[in-house]
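One structure is given here, and the rest of the page talks about it.
The values are calculated or read from the model by the stated rules, or taken from the named source; none is laboratory data. Only a predicted model underlies this, so the values are computations on that prediction, with no experimental measurement involved. Cβ sites come from the backbone with ideal geometry, for glycine too, and all protein chains shown count toward neighbours. Please note that ligands, DNA and RNA were not included when accessible areas were found on the heavy atoms of the full protein model with its side chains. Shrake-Rupley method; radii C 1.70, N 1.55, O 1.52, S 1.80 Å.
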Amino acid sequence: MLTRDEIEKIACGKILPEDKPFRSNDISIDTRTIEPNDLFIPIKGENFDGRTFIKDALKKGAFAMDVKNGLEALQNLAAYHRAKFKIPVIGVTGSVGKTTTKDMLASILSQKMPTLKNEENFNNEVGVPLTLLKLTKKHKAAVIEMGMQGLGEIDLLAKIAKPTIAIITNIGEAHMKYLKTKKNIARAKSEVFNYLKKKDFAIINQDDEYFEHLMSNVKYQMSNVRTFGILEKSDVTPKDLEGIKLPVPGEHNIYNALAAIAVAKILKIDKKAIKRGLEIFTPSSKRMEVFNCRNKTKIINDTYNANPQSMAAALRVLASIPGRKIAILGDMLELGRKSRNYHKKVIKLAQKLKIDKLFLLGKEWPQKSFGNKKELIKKLKTILKPSDIILIKGSRGMRMEEIVSRIVN
């Protein structure tokens, strides 16, 4: 961990109490879960100022930073700390699949070396620094997922994390509300390449319609780009998955696995470790989780988030499973002025895939939908049959996992 002098210099603040010998176990931004000797850094949010909780941190036996800008202090500390480690740091971003790719890759690398990764949704301007500050001498690699809503956000995370390998899984419609066009989304995602050095690598989806655009944003193209794909000629293809049984269904997860394998090849991870890492990988919660209920009903919980790409992928997985198929779909948020069109396309795809029952929740759908979860669940329970296959999916703001818990329990 960093010393008191290092922290105070980098964060431009004072560690309280000043008269107590400093020995910090961890850094925290939440006094509700803080432990004795943790270092509390007060972050200012929309509805709170972390500095008001400094006394609470001290009462719990923790240290606390007296600092003007807690977020900036946290980020500067993370960048400083990360720079101490000469290890592979893999930055993962993209419109769809970045979390699963991160988890697959971390599982592969962990077969050979202690690997740090961000947990759950710690992929933003707070989560990435908190993750990097957990780096210790035991870690030999780090896999850092990077999320964003607008331009400049990935650049900030890349500046802090300084990835030596950067992955863009794909470019989709997520964040259209803020960025307006897919070209702008591609531009924003390309910021992950901004701090790559001559010896570093970029990994790009060869099948993506914005491949050339993404490629043009890599400084050292000829020897430093590795591609993966199913349709186009690529460096990593489904042949690299021969003999490997992925524990998650869907073509989209093949792409995720190929991106992870591309990194493994760069780091010279052998095929045996790749196979084991992929086969024992467990996706993060609410991502294609399958629950088998007592009456043989199968529930696919993919409620973490949704956009047109991920919704289509989930519907195709549902369509591939034998049995009566029911899709419970919530609004896809942050899609801007074309939101209705995107929702209409999802309905058309569900019809094309011959999904037997379609339950819609929210205000964005172009046809009749349920106004609340209670009403939807009441109707659903009247038509459920043993062995039904139920997909539940929607944007984070729709909290579709509440439906899952009501059905499972």
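Numbers at a glance
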{"read-out": "Unit charges at the beta carbon, dipole of the chain: most positive-side option, 1, 391, 192", "value": "391"}
{"read-out": "Stretchable slack from residue 198 to residue 140, in nm (0.36 nm times residue separation minus alpha-carbon distance)", "value": "18.8 nm"}
{"read-out": "Per residue value of the accessible surface for the stretch 165-264 (all protein chains in place, 1.4 Å probe), Å²", "value": "46 Å²"}
{"read-out": "Relative contact order for the chain, counting Cα pairs under 8 Å that sit 6 or more residues apart, in percent", "value": "13 percent"}
{"read-out": "Listed residues 214, 360, 109, most fluctuating in the chain (Gaussian network, C-alpha, under 10 Å)", "value": "360"}
{"read-out": "Top of 155, 302, 49 by mean-square fluctuation, Gaussian network on the chain, Cα under 10 Å", "value": "49"}
{"read-out": "Extension reserve of the residue 372-residue 352 stretch, reckoned as 0.36 nm per residue once the Cα distance is removed", "value": "4.5 nm"}
{"read-out": "Sequence of 227, 181 when ordered by accessible area, the most exposed leading, probe 1.4 angstrom", "value": "181, 227"}
{"read-out": "Percent of beta bridges antiparallel (DSSP, the chain, rounded to nearest 5)", "value": "15 percent"}
{"read-out": "The stretch 205-263 - charge dipole about Cα centre, Lys and Arg +1 at Cβ, Asp and Glu -1, debye rounded to 20", "value": "240 debye"}
{"read-out": "Distance (nanometres) between label positions extended 7 Å along Cα→Cβ at residue 316 and residue 119", "value": "3.3 nm"}
{"read-out": "For the chain, built as a Gaussian network whose Cα springs stay under 10 Å, the top-fluctuating residue of 37, 307, 194", "value": "37"}
{"read-out": "Accessible area (Å², per residue) of the stretch 355-409, counting only protein heavy atoms and a probe of 1.4 Å", "value": "56 Å²"}
{"read-out": "Average Cα contact separation per residue, the stretch 1-73, under 8 Å, 6 or more apart, as relative contact order %", "value": "34 percent"}
{"read-out": "Length-normalised contact order for the stretch 342-400 - Cα pairs under 8 Å, 6+ apart - percent", "value": "21 percent"}
{"read-out": "Heavy-atom SASA rank of 342, 304 (probe 1.4 Å, accessible area, largest first)", "value": "304, 342"}
{"read-out": "Hydrodynamic radius (Kirkwood) for the chain, which is based on Cα pairs only, to one decimal in Å", "value": "22.7 Å"}
{"read-out": "Separation in nanometres of the label points that stand 7 Å from Cα toward Cβ, at residue 399 and residue 363", "value": "1.7 nm"}
{"read-out": "Proximal charge balance of residue 254 [Cβ under 13 Å; K/R count +1, D/E count -1]", "value": "-1"}
{"read-out": "With all protein chains modelled, accessible area of residue 12 [1.4 Å, Å²]", "value": "110 Å²"}
{"read-out": "Length released on extending from residue 87 to residue 212, taking residue separation times 0.36 nm less the Cα-Cα span", "value": "42.1 nm"}
{"read-out": "Sulfur and carbon atoms: percent of accessible area, the chain [1.4 Å]", "value": "50 percent"}
{"read-out": "Share antiparallel - DSSP beta bridges, the stretch 43-192, percent rounded to 5", "value": "10 percent"}
{"read-out": "Which of 29, 229, 13, positive extreme of dipole for the chain (C-beta unit charges)", "value": "229"}
{"read-out": "Alpha-carbon centroid distance for the pair the stretch 9-67 / the stretch 354-406, whole angstrom", "value": "43 Å"}
{"read-out": "Neighbour cut-off at most 16 other Cβ (10 Å), DSSP loop, chymotrypsin sites (Phe, Trp or Tyr not before Pro), the stretch 17-109", "value": "48"}
{"read-out": "Karplus-derived HN-Hα couplings along the stretch 226-232 (A = 6.51, B = -1.76, C = 1.60, θ = phi - 60°), whole Hz, x at Gly and Pro", "value": "10, 10, 9, x, 10, 8, 8"}
{"read-out": "Surface accessible to a 1.4 Å probe, residue 402 within the full protein complex, Å²", "value": "80 Å²"}
{"read-out": "Cα centre as origin, Lys/Arg/Asp/Glu Cβ charges: the chain dipole, Debye", "value": "1160 debye"}
